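Contents: one structure, followed by commentary.
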Amino acid sequence: MDIKEFAQKFIQAEDEAWQNGNCDALQALETPDVVYHMMILGDQDQEGWEAHKEYILGMRQMTSEIHQEWNYIAGDGNVFSLSYKSRAKFAVEVPMLSIPAGGTAETNGLFVFRLEGDKIAEAWCQGSFAVQ
């Protein structure tokens, strides 16, 4: 599978996890010790597959709706990049992100992924996060 096909599989798996809470396809694409460097959320790292899964499932519980848009930018060898946009309405207050109950947050970012073998081992995200 070429890098663009892998990126498309990731987008589909990420969408399935966020929209339906099914993380199986995503787990198949990540190493158990994957690290997500989330500079977009105050330089937080998510270390390990379980941490990534818990982040997704936890955020799903706090939101009443979420819309995401992923777009493939480029890839070569074992690295690829995606642009990301999301808009989420929160059902509960999220003090650590300064989101009030009923508030909406918008995220715009750039993700760069590094593969080891045929799985994501590391990802970096840089962008903006705004509460409305």
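The values are calculated or read from the model by the stated rules, or taken from the named source; none is laboratory data. The structure presented is a predicted model; accordingly, all values stated were derived computationally and were not measured. Positions of Cβ are generated from backbone atoms using ideal geometry, with glycine treated the same way; all protein chains shown enter the neighbour counts.
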Check your understanding: Within the range 18-30, is even one residue buried (at least 19 other Cβ atoms within 10 Å of the Cβ), out of contact with any Asp or Glu (no Cβ under 6 Å at 6 or more places or on another chain) and under 18 Å from Ser86 (Cα atoms)?
Key -> yes
Practice item. Give the range 3-34 a look and list any residue that's out of contact with any helix residue (DSSP H, G or I) (no Cβ under 9 Å at 6 or more places or on another chain) and either touching a residue at least 60 places away in the same chain (Cβ under 8 Å) or of a type in the set (A, V, I, L, M, F, W, C) (or both), or say none. Key: Ile3, Lys4, Ala7, Gln8, Ile11
Review point. Which residues, counting only those in the range 10-33, are acidic (Asp, Glu) and more than 17 Å from Ala121 (Cα to Cα)?
Key: Asp15, Glu16
Review point. Looking at this structure, is Gly75 touching a Phe, Trp or Tyr at 6+ places or on another chain (Cβ under 7 Å) and either buried (at least 17 other Cβ atoms within 10 Å of the Cβ) or charged (D, E, K, R) (or both)?
Key: no
Review point. Among the residues of the range 88-109, which ones are surrounded by 15 or more Cβ atoms within 10 Å (Cβ to Cβ), farther than 16 Å from Gly58 by Cα and not polar (S, T, N, Q)?
Key: Gly103, Gly109
Review point. Does at least one position in the range 34-46 carry a residue that is over 11 Å from the mean Cα position of the chain (by Cα), farther than 16 Å from Cys125 by Cβ and loosely packed, with under 14 Cβ neighbours inside 10 Å?
Key: no
Exercise for review: List every residue pair whose Cβ atoms sit under 6 Å apart, with the two residues 6 or more apart in sequence or on different chains, where the first one lies in the range 108-120 and is assigned to a strand (DSSP E or B) and the second, anywhere, is of a type in the set (S, T, N, Q) and at pLDDT below 95.
Suggested key: Asn108/Ser128; Leu110/Gln126
Exercise for review: Identify all residues within the range 111-132 that are surrounded by 16 or more Cβ atoms within 10 Å (Cβ to Cβ), over 11 Å from Ser81 (Cα atoms), of a type outside the set (A, V, I, L, M) and touching a Phe, Trp or Tyr at 6+ places or on another chain (Cβ under 8 Å); write none if there are none.
Suggested key: Glu122, Gly127
